[in-house]
Structure formats: C-alpha cells, structure tokens
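The values are calculated or read from the model by the stated rules, or taken from the named source; none is laboratory data. If you're wondering where the values come from, they're calculated on a predicted model, not measured in any experiment. Neighbour counts are summed over all protein chains in view; Cβ atoms, including those assigned to glycine, are modelled from backbone coordinates with ideal geometry.
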Amino acid sequence: MQPVDLIIFGASGDLSARKLFPALFQLDRANLLPTDFRIAAIARDNIDLGTFLSKLRARMSTAMGNNAPSDDEWQQYSRLFSYLNADFSRPTDFSIIKTWLDDQRVSLFYLATPPSLFAPICDYLSQENCLTGDCRIVLEKPIGENLDSSIVVNGTLAQYFSESSIYRIDHYLGKETVQNLLALRFANRFINSQWDQSCIDHIQITVAEVIGIEGRWSYYDKVGQLRDMVQNHLMQLLCLVAMEPPNGLEAESIRDEKVKIVKALRCIDVKTVDDHVVRGQYAQGWSTGRSVPGYTEESGSERNSSDTETFVAIKAHVDNWRWAGVPFYLRTGKRMAEKVTEIIIQYKELPHNIFGGGANLPNKLIIRLQPNEGIEMTMVSKRQSLKEKLALQTHTLNLDFREGHQNDRIPDAYERLFLDAINGDQSLFVGREEIEESWRWCDGLLQACKDQGVEIKPYHAGSWGPAKAEILIEKDGRSWHV
Ligand code: BG6
C-alpha cells in the first residue's frame, strides 16, 4: 500500500480540536495508522509548529478528559505533524502545500472548513498543481443547502475528483451502533425474514438532543432542524432500516440500495403537509435541572422572533413493495427531554387471537443507538399462575452492547471514517445521488410547509416537542415509544 498523507484544511477549528485530531490520536494509540503516515495541519494563524501543537494538546485534553494523551503518547503523535500557514482565499499560499506534497504518496485532502471554501480550495489546489498522483477529498456536511446548491458543490468537486475519490461524511454512518444495524438486519435470518409490510405495523426513528444551539445561532437560523438533521442523519438511518439486502458490503452495492429508498419516499406536498409534518421551536424551559432560554433568547440570537424549526416530526411513506402501507414516523429536535437516538420496529397484531380476553400484545423491537447502545425485543409469554390458565404478559429480551465492556471505550465515528478513507473504503460515505435525491425530497417538503403556511408550534425546552407531534401519531391509533 502506498504511504498516505492527510492534509487538513481548517486545522485550528473547533471540529479539528474536538473530533478530528482526537480520532487520529486514538488510531495512533491503537497502532492502526499506516507506517510512515504524515499529517499537514493547515490554518491561517501565523504560528510555528510548536505553538500549534501546544495549543492543540491543551484543546484535545479538554475534549478527551480521561482519554487524553500521556506525555509519551503525545511525543509519538506529534511526530506525524507539519504545520502549514495558508490563507485559503489566497491562491499563492497554495504553493506551500505543493512543496510539502509528494506525488509518490496518496494525498487525502480533508476540508474541515465552511462549505463556501470548498470550491476555492479545489480551484487553487488544481491551479498550483497539487492534484497530481492519487488524491482523495473528504468533506463535511452540509453539501449545499438545497438541491440546486448541492448540484453546484458536487459539480465543482466532479471537475477535479472522480466520484470514487470523493468521501462525503455523514458522521452517523461512522457510529458503531449504526453499522450494527447492517449486522442486525443481514446477519440474523429470523429478523430479516420478518422485515416487511406483512409483519411490521410501523417504524419510528427518534433523534432527540438535549443541547440547544450551542453558539451556532446565526448558522442554525438559516438552516433549521430539517436541513441540519433530517436531510442527512435521519435519512441515512431510514435508508439502513428500509433498504433491500445489498449484494455485498462494497460502497456501490450499499449506495445503490439506499438511493432506491430515497427515490421511493412519497413526496409531501401542500395537500398532505398538514397531516404529515409538525414543526416546533423551543421556548424557555428546564433542561438537566436548570432553567434554559428559548431559541430566540439564546446568546447570539439576532431576532425576537424566527420561523426556523428546532423540532420536526414527519410521517413518511416508502412507496415500494416491501413497505406498502407502513408509515415511518421521524422525529428530531433540540432541547428535548433526553438525548436519545432509537429506532422502533412495531410489529403487527396477531392475525387471530386464540387467547381471548382482548390479549393481543404485538412484539416490538427497539434499537437503541445512543446512549445505552443495545437492542430490546418485547416478547409475549404465559404469566405463571394457577388461577389464570393462559394469561399473557410481555417480557423484554435485552441485549446490552456495553454489558461486560463497561470500561471499553466505544470508538468515535471519526475513527472509523478516517480509517476507511485512509484505506480507500467508501462504503460508509455518502454518494452524490443519495445527497441530491435527499435534497429533492426535503426541498419539496419545505416548499409545501411554506406554501401551506405550516405554523411553528412552541414547546418547552426539556419536553418531547409540541403536543401536535403527539397528535400526528395518535390520530393513527399509535403512540411514540418515549
Ligand atoms: C450534527 C448537527 O451534524 O449532528 C448538530 O449539525 C447535531 O446540530 C449533531 O447536534 C448531533 O450529532 P450526535 O453525534 O451528537 O448525535
């Protein structure tokens, strides 16, 4: 294997200090980085390598707590680094990068920068002849803010990189438990054979966060929860739950199946939006025992009122043979009661109840992605009793992924994603078509909300969202799991 160089644009940013460099450090600590690996940290600050590294170590220590590097580990890790001072908007600065690069090695360009810099960085890399040899590019979301702008971003990338060299990150795909969905579905025959409209009543996907806007108000207010979370993370979860078995684990096979699901999502239009979408915005409330401000009172807020949603609940349908008539209820919000990411598979009632007494207790599969990663299955069994002959009760089979591994660290998503990008494996990265089809669906939904004037309902911080989100599911005779 050719030696690999990682070139990080935006090396002094928050993401780099909190996620990227800690993840690379963990790979180094576990001896998983290739031999002769080099890192070029690129940022605007006019400082030397020593100053960059000592600032980085302090920030990483805060972010990593007990897992922070020891002196010896830091010595070893810091040997991988070079620091290049460049202003990404000044083409001439890219000659420094050219001098550092080596054609005989793989160059992995990682853009941890605002999306507005993606195009100029690619242009200048090309102008300075940096894109010779085996070059790959890794990008963070958002890839555009709607279908049109994502086509522009993807078009720019395509001028310089082939699709097989573009690694678009959705960090949810790097989470161990999200990958476990593939194992659960395709390595367990009894689960896979009961995975369609004949057995399943409906599916819920909840991604609830306790945090609010975390100092990102001006960015978030232009985006909202649908673009920030549904277009990417919830869409990926939905695809992994709903897709057909791929032919194999290669990127192409998995992406082909995911795209079919996004394309099969029923469009939500002005006629259906009122029944299928609830938008909310948090007001002042209580979170983890303290009073927290409402969305428009957050620090950095630029307005007294805003029509940006911090919560959205959607009833979606996948129009294909497998999922005909099975609703997918999606729900995500900031400042909710608990941090929970879970997928609920609610099975249908029995076709015929031989036990009488109204006992019809359908099975439920709960896939907990975070926290307390694991799987629960509610099963029905006989209550032990002489008085009642065949009374039923539900029991829970609980598979706790952390059991027996309480002290083991669950690897961060970025560790998996770095490793795969270094090894040239795209299966956990998102393809162009998936992104664009997902935007197509979200754009339609947002337009329908606008045309129909779907109101933003307030909810108290620390709650489960507006009451209307309960009605969305309860009017179908169902209820949210939490
Ligand atoms: C990011 C969103 O992509 O995901 C954030 O921009 C959100 O708004 C975050 O808080 C959630 O990620 P996780 O891994 O904490 O569930």
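General remarks:
- Restricting the range 400-421 to residues that are away from the ligand (no atom under 15 Å from the Cβ) and surrounded by 13 or more Cβ atoms within 10 Å (Cβ to Cβ) leaves a set whose member that is modelled with the lowest pLDDT is 402.
- When residues of the range 43-68 are limited to those that are in a helix (DSSP H, G or I) and among the β-branched types (Val, Ile, Thr), the one farthest from residue 412 (Cα to Cα): 51
- Residue tally, condition more than 16 Å from the ligand (Cβ to nearest atom), on the phi < 0 side of the Ramachandran plot and not β-branched (Val, Ile, Thr), over the range 104-145: 23
- Top-ranked residue of the range 252-298 - restricted to ones that are over 20 Å from the mean Cα position of the chain (by Cα) and acidic (Asp, Glu), ranked as farthest from residue 164 (Cα to Cα): 297
- The set of residues in the range 338-355 being within 16 Å of the ligand (Cβ to nearest atom) and buried (at least 19 other Cβ atoms within 10 Å of the Cβ) consists of 340, 341, 342, 343.
- Among strands (runs of 3 or more DSSP E) entirely within the range 189-298, having at least 1 residues that are of a type outside the set (S, T, N, Q), within 19 Å of residue 343 (Cβ to Cβ) and touching a Phe, Trp or Tyr at 6+ places or on another chain (Cβ under 6 Å) singles out 200-208.
- Exclusive hit being closer than 30 Å to residue 251 by Cα and aromatic (Phe, Trp, Tyr), set 441, 464, 480: 441
- Selection count where residues are crowded, with 17+ Cβ neighbours inside 10 Å and at pLDDT below 95, scope the range 278-297: 1
- Leading residue by the ranking (surrounded by the fewest Cβ atoms within 10 Å (Cβ to Cβ)) among those in the range 151-195 that are of a type in the set (S, T, N, Q) and within 13 Å of residue 240 (Cα to Cα): 192
- In the range 215-232, the residues that are near the ligand (Cβ under 10 Å from one of its atoms) and touching a Leu at 6+ places or on another chain (Cβ under 9 Å): 227
- Hey, residue 318 farther than 18 Å from residue 209 by Cβ and either buried (at least 18 other Cβ atoms within 10 Å of the Cβ) or of a type in the set (A, V, I, L, M, F, W, C) (or both) or not: yes
- Taking (1) crowded, with 22+ Cβ neighbours inside 10 Å; (2) within 21 Å of the chain's Cα centre (by Cα) in turn, residue 249 satisfies each apart from (1).
- Verdict on residue 350 being under 26 Å from residue 196 (Cβ atoms), in contact with a Gly (Cβ under 8 Å, 6 or more places away or on another chain) and aliphatic (A, V, I, L, M): no
- Where residue 101 falls short, out of the listed (1) in contact (Cβ under 8 Å) with a residue 40 or more places away in the chain; (2) out of contact with any strand residue (DSSP E or B) (no Cβ under 8 Å at 6 or more places or on another chain): (2)
- The combined condition, being away from the ligand (no atom under 16 Å from the Cβ), free of Cβ contacts under 8 Å to residues at least 40 places away in the same chain and of a type outside the set (A, V, I, L, M), is not fulfilled by residue 425.
- For the range 64-94, the candidate set comprises residues that are of a type in the set (Gly, Ala, Ser) and surrounded by 15 or more Cβ atoms within 10 Å (Cβ to Cβ); within that set, the residue that is farthest from residue 48 (Cα to Cα) is 68.
- Residue count for the range 179-188, restricted to those that are farther than 19 Å from residue 342 by Cβ and assigned to a helix (DSSP H, G or I): 1
- Residues located in the range 185-214, provided they are away from the ligand (no atom under 16 Å from the Cβ) and in contact with a strand residue (DSSP E or B) (Cβ under 7 Å, 6 or more places away or on another chain): 199, 200, 201, 202, 203, 204
- Every pair of residues 6+ apart whose Cβ atoms lie under 6 Å, when the first sits in the range 215-234 and is in contact (Cβ under 8 Å) with a residue 12 or more places away in the chain and farther than 14 Å from residue 307 by Cα while the second is in a helix (DSSP H, G or I) and more than 9 Å from the ligand (Cβ to nearest atom): 231/438; 231/442
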